[in-house]
Amino acid sequence: MKQKTSIITVGLSPAWDITCRGKNLDWGRHKNIDEQTIVPAGKALNVSRALAWMGQKNIAAGLWGRNDFRQMQREVKSLWPAIEVKLTTAAGNTRRNVTIIDSAKNKEMHLRCKSELACQSSLKKLRGDLQKIVRKNNICIFAGAMPEGNLLDDVIGIIESCSEAGAKIVLDTSGPALRKLVQTGNIWLIKPNVRELGELAGKQIGDNPASLAHAGRELLDKVEIVLISRGKNGAIAVTKKGAWHGKCAGRRKALSTVGCGDFLLAGFLKALIETKKIASALKTALKTATAKALDRMENEPWQEVSGQIGVEIRRMK
């Protein structure tokens, strides 16, 4: 049977994202908020969501709580029909994360719960489910927090299984899991931010293009592509063929930074598949992340928004 999509996202720590927007919010006060949204999310599903907005069909795999699985299915089908849900059910409820945005003060607060869906039995079931859908030349994106201890070894086994099936592995996580997974040598692309890149390097790295590109090059014996997120300062892509620095032209006020890194990764992968060029992929990545920061996505066509965001790309020496 013909494979419907070449991109599969895998999330082990999904969440319901609850976002509350208001003005002049503070401790001890009772305030009416301007808006509240509740959507299925987590880093992996955010990548799927961004790809769907850009017109790229994809499969959402990973874990989701059995108790609210059907609710998630309805929401995804309604909001993002380009996503094919192949998530594995795990016992319990999916966590709920809360983001509070004060639009008057331009401040955010992120309240995160610990995910408890990953266990030996759920990961074993996930591995079997992935073996049914992962094929040669697929791109499998493992994004979000990873379990610790022996459970991380189970995740390594899942990634090895996908790699043995011929898939390219993309990793977007942090902490000890990032370091250990990179050391396996099974990873094709990683997307660290500046702090996470420092964790991999074992030292603090200055947030400047030259230092970041140098640190990225030192990882190319383990991975093929290093995509470094710098927030408002743009992003850097490093391969053995060179390094490219990109940033948005002009100044724009971000309405929210939640999920921008996930949209950056989605834009990069979609354009890389289409063009095979790192510079073009980085340009699209920055446009997608900026659209998310400006809250100009999903309700507006990707092609229209993309044409209104300027990006500067420079090849580094």
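Each reported figure results from applying straightforward, stated rules to the coordinates on display, with no laboratory input. Remember, predicted model here, so these are calculated numbers, not experimental data. Here the Cβ positions follow ideal geometry from the backbone for every residue, glycine too, while neighbour counts run over all protein chains shown.
Dipole orientation for the range 5-113: of the candidates Asn32, Leu87, Ala44, Leu87 has the Cα lying most toward the positive pole (charges on Cβ; Lys, Arg +1; Asp, Glu -1). A cut-off under 14 angstrom between Cβ atoms defines the neighbours of Gly128, and their net charge, with Lys, Arg +1 and Asp, Glu -1, is +3. The peptide list 230-242, 75-87, put in order of mean Cβ contacts within 10 Å with the highest first, becomes 230-242, 75-87. Around the Cα centre of the chain, unit charges on the Cβ atoms of Lys, Arg, Asp and Glu (plus for the first two, minus for the last two) sum to a dipole of about 620 debye. With the charge dipole of the range 190-317 set up from +1 on Lys and Arg Cβ and -1 on Asp and Glu Cβ about the Cα centre, the Cα lying farthest toward the positive end among the listed residues Ile228, Val238, Met316 is that of Met316. In terms of its alpha-carbon gyration tensor, the range 100-258 comes out oblate; a/c meets the 1.5 threshold, while b/c is at least as large as a/b. Phi-derived couplings, Karplus 6.51 cos²θ - 1.76 cosθ + 1.60 at θ = phi - 60°, listed residue by residue for the range 67-81: 5, 10, 5, 5, 4, 4, 4, 5, 5, 5, 4, 6, 7, 9, x Hz, with x used for Gly and Pro.
No solvent, one uniform scatterer per C-alpha: report log10 I(q)/I(0) for the range 190-317 via the Debye equation at q = 0.09, 0.10, 0.14 1/Å, two decimals. So the normalised log intensities are -0.23, -0.28, -0.56. Per the Kirkwood formula applied to alpha carbons, the chain shows a radius of gyration over Rh ratio, Rg over Rh, of 0.95.
From helices alone, the chain scores -11000 deg cm²/dmol at 222 nm; the rule is -39500 (n - 2.57) for each run of n ≥ 4 DSSP H residues, then divide by the residue total. In this structure the amide hydrogen of Thr88, modeled in the peptide plane, comes within under 5 Å of the amide hydrogens of Gly62, Leu63, Trp64, none closer than 5 places in sequence on its chain. For the chain, what is the percent of antiparallel DSSP beta bridges, rounded to the nearest 5? The antiparallel proportion sits near 45 percent. How high is the FRET efficiency from Lys105 to Arg195, r the C-beta distance, R0 30 Å, rounded to 0.05? For Lys105 and Arg195, the calculated efficiency is 0.75.
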